[in-house]
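Below is one structure, written out as structure tokens, with a few remarks after it.
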Amino acid sequence: MKKIKNEAELVTEALKVGASYAKARGVGEFENTDSAKEKITYLYRLLVHDKQIQALAKGQDSGVNMKHKLALWISRKLPEDHALLK
């Protein structure tokens with residue numbers, strides 16, 4: 001797994017965009033009391049279910065790998081000139 005520049009910031013952006021995506025789909029909302037781990041897991045599973053990202057191999061679905069997948073997902077959704085991609 002290759003480290004992505006600004007990965008932590010990309011994950012934060014993915015959670016923001018993912019929250020809007022989940023709400024628009026009508027499948028749920030993130031609450032302020034939800035932990036970051038819960039949000040990451042929920043968003044990862046939702047995107048896999050919707051075939052937006054490919055699922056990790058069995059036994060590889062750790063928090064670190066899920067964060068990496070979310071960072072890759074959002075990096076493809078952002079415009080090329082976005083500040084987080086530079």
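Quick note: the coordinates plus some simple rules give every number you see, no bench work behind them. Here the structure is a predicted model, which is why all the values come from computation and not from measurement. Don't worry about glycine lacking a Cβ; one is built from the backbone with ideal geometry, like all the others, and counts go over all protein chains shown.
Within straight cross-link reach of K16, meaning Cα distance under 23 Å, which lysines are found once same-chain residues fewer than 8 apart are removed?
Cα-Cα hits under 23 Å: K3, K5, K37, K39, K51, K67, K69, K77, K86.
Given that compact globular proteins tend to follow 2.2 N^0.38 Å, what is the ratio of the alpha-carbon Rg of the chain to that value? Display every interim value, and only then the final one.
Details: Rg = 12.5 Å, N = 86, 2.2 N^0.38 = 12.0 Å.
Here the answer is 1.04, to two decimals.
For A36 and D50, compute 0.36 nm times the residue count separating them, minus their Cα-Cα distance, and round to one decimal in nm. List each step's numbers first, then the result.
On the way: separation 14, 0.36 × 14 = 5.04 nm, distance 2.09 nm.
Value of the extension gain: 2.9 nm.
Mean residue ellipticity at 222 nm from the helices of the chain, using -39,500 (n - 2.57) per DSSP H segment of n ≥ 4 over the full residue count, to the nearest 500 deg cm²/dmol?
Working: 3 runs with 48 residues, N = 86.
It comes out at -18500 deg cm²/dmol, rounded to the nearest 500.
State the answer as a single residue: which of P79, Y42, Q60 lies farthest towards the positive end of the charge dipole of the chain, with beta carbon charges of +1 for Lys and Arg and -1 for Asp and Glu, about the Cα centre.
Q60
For the range 38-86, what does the equivalent ellipsoid look like in terms of its semi-axes, each the square root of 5 times an eigenvalue of the Cα gyration tensor, given largest first in whole Å?
Numbers: eigenvalues 90, 26, 18 Å².
Each semi-axis is the square root of five times an eigenvalue, giving 21, 11, 9 Å.
Which of T41, T12, T33 moves the most in a Gaussian network model of the chain with Cα springs under 10 Å?
Looking only at T41, T12, T33, the largest GNM fluctuation is found for T33.
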